[in-house]
Structure formats: C-alpha cells, structure tokens
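Peer 1: Below you'll find the structure I mean.
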Amino acid sequence: MPSANRDWDARTYHRVSTPHRGWAKALIDRLELRGDETVCDAGCGSGAVTAMLADALPAGRIYAVDVAPSMVAHARETLAGRPVTVLAQELTELTLPEPVDAIFSSATFHWIADHDTLFRRLALALRPGGRLVAQCGGEGNIDAFRAIADDVAFTEAPFAQYFQDWTRPWHYAGADATAVRLTDAGFRDVHTWLAPAPTAIDDPKPFLTSVCLVRHLDALPPALREVFVDRVLERCTHPLVLDYVRLNIVATKSTEAVD
Ligand SMILES: C[S@@+](CC[C@H](N)C(=O)[O-])C[C@H]1O[C@@H](n2cnc3c(N)ncnc32)[C@H](O)[C@@H]1O
C-alpha cells in the first residue's frame, strides 16, 4: 500500500538538497522570465528553490504550493518578506487565486501517480498561452540505487517483514508518454526529453535519509531506520554517485478549451 505519510524532514532537506538547487537553476534559466510575471512553483519544498525563482522575478509574484506540512512551514519561514504566497495544497487539486503566466516545477512530478489529472489541473491554473517548464525524475531514474534499496528492503532481515505491503512511491514516466498526456491535457508546443544526470552526493547519510529513502523509512519502526540507511549505504559504491535521469518538460497552454 502507498504510505499514508506525505511529510518530509524539511530542515534536513533544506540543508542537503544541493543537487536540487543545481537542477532548478538551469530550469529557471529555461523559463526566460522578463521579471514581472506571476509564476506558480508547483511542489516548492523547503523554499530554497522558490527563493532562487523569486530572485528572477523582481517585479513579479509567486504562488508556491506544497502538500507536506513541514515543507509549507519551512517555505513560509524561508520566504518571509518576499512576494510569495505559500499554499498548502495537493497539486492534483490545484486551485490558485488567479491564472498564472507560468508554472515551474522541479523534482516533484515523480512523487505524483496520476499525471493525467495533474497536467489537466496545471493547464486550468495557467492563462491561455502560459508556459509549463518542469523537470522531475524520469524513466530509469536511480535504477541502480533503487535495486540496492529494494534488495535490502525486500530480502534482508530484519527489514523485509515491514515491506510486505509497501509499494514504491514514485512514478518515473517516459518522455513520449508524457508528451501524449500533456497534449491530451490541453498543452501545445510540447517538448519532453530524458537527460541522464549522474550526481555525486557529498553527505550521503542525511541525503538518503531525507530524500531517496524518505518513504522507505515510514515503513520501519524508528529503531530500525538508521540501521536501514547504514545497510543500504554499505551496499553502495563510495563515493556515492546516484544515477539520476531527469524528465524535462516545456509546454504552452493551448488557447483552445479541452474537456
Ligand atoms: C524533492 S521535493 C522538491 C522540492 C523543491 N521543488 C526542490 O527542488 O527543492 C518534492 C516536493 O514535492 C512535494 N509534493 C509531492 N507530491 C505532491 C503533491 N501531490 N502535491 C503537492 N506537493 C507535492 C513534496 O511534499 C516535496 O516538498
């Protein structure tokens, strides 16, 4: 069963999510902002990336949306005094106070199972002609790392007994399937592509604990969580290089209505 817990350790995530900031920087450049637009950051996390987006919008406004309570609280603290409204919302039910010029999203869509509903909801939130520029984990993302984590979780004692009903929380979609979904949801000029992004991780233990293994740890009793992370790390090569594959999305909301 999917884990019911959707929260994160926002403080640790904020400290260790250096790779995410690097990905987001390239993505913000891809938005080609004038600086006065209204933009939604879909899945804002702890607010670090939203702050970078705010720097590119000196005369603009941001709606930063996230479903995790600790991320929302951390983002509000990080972004205080900025022209950013942080909203606690589920992205598949996104409702913004006004249509936005662009939706930006980094490292979030692969945490959402239903991309058809997600993309329709994002299209509804954009003004006609508005742009979606996003990146998330794509087909093949951290396959090698996940094979190790799966092996420890599903085959090793004392962990395996806790993973009997656990299902993987990620949806690593392919580029072609995503392009079809975006077109069906009412986007045009759709470009989607996968890009391998192997990434060396400086501080592997807190990184795995608060990012890659965050939903594994929900399945375990507190006393076994650190032991599990240590065991997965033991099975990885050192230094740890994660075999990330990013799914890139650039699309424009069609001016024609979609049912
Ligand atoms: C890996 S973090 C990325 C945060 C930020 N964009 C960054 O790059 O640092 C993924 C975020 O997506 C949020 N998220 C996942 N599924 C969501 C959903 N269905 N609705 C809203 N937020 C969601 C999580 O709570 C988490 O904060």
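Only the coordinates and a few stated rules stand behind these numbers; no lab work does. Every value quoted in this text rests on a predicted model; they were computed, and no experiment measured them. Counting neighbours? That spans all protein chains shown, and the Cβs are built from the backbone with ideal geometry, glycine included.
Peer 1: To the nearest 500 deg cm²/dmol, what mean residue ellipticity at 222 nm is calculated for the chain from DSSP H runs of n ≥ 4 alone, each contributing -39,500 (n - 2.57), summed and divided by the residues? Present the calculation step by step, with values, prior to reporting the outcome.
Peer 2: Details: 10 runs with 96 residues, N = 259.
Computed ellipticity for the chain at 222 nm equals -10500 deg cm²/dmol.
Peer 1: What list of whole percents do you get for P(r) of the stretch 13-93, with Cα-Cα distances grouped in 10 Å bins up to the one holding the largest distance?
Peer 2: Pairs per bin, as whole percents: 20, 54, 27, 0.
Peer 1: Rank the residues R168, R231 as a footprinting-exposure proxy: fewest other Cβ atoms within 10 Å of their Cβ go first.
Peer 2: Fewest-to-most ranking of R168, R231: R168, R231.
Peer 1: In the stretch 11-56, which trypsin sites (Lys or Arg not before Pro) are in a loop and have at most 14 other Cβ atoms within 10 Å, using DSSP for the loop call?
Peer 2: Filter output for the stretch 11-56: R34.
Peer 1: As a test, work out the antiparallel percent of DSSP beta bridges whose residues both lie in the stretch 101-251, rounded to the nearest 5. If you can, show how the numbers build up before the last one.
Peer 2: Working: 16 of 22 bridges.
Here the antiparallel bridges make up roughly 75 percent for the stretch 101-251.
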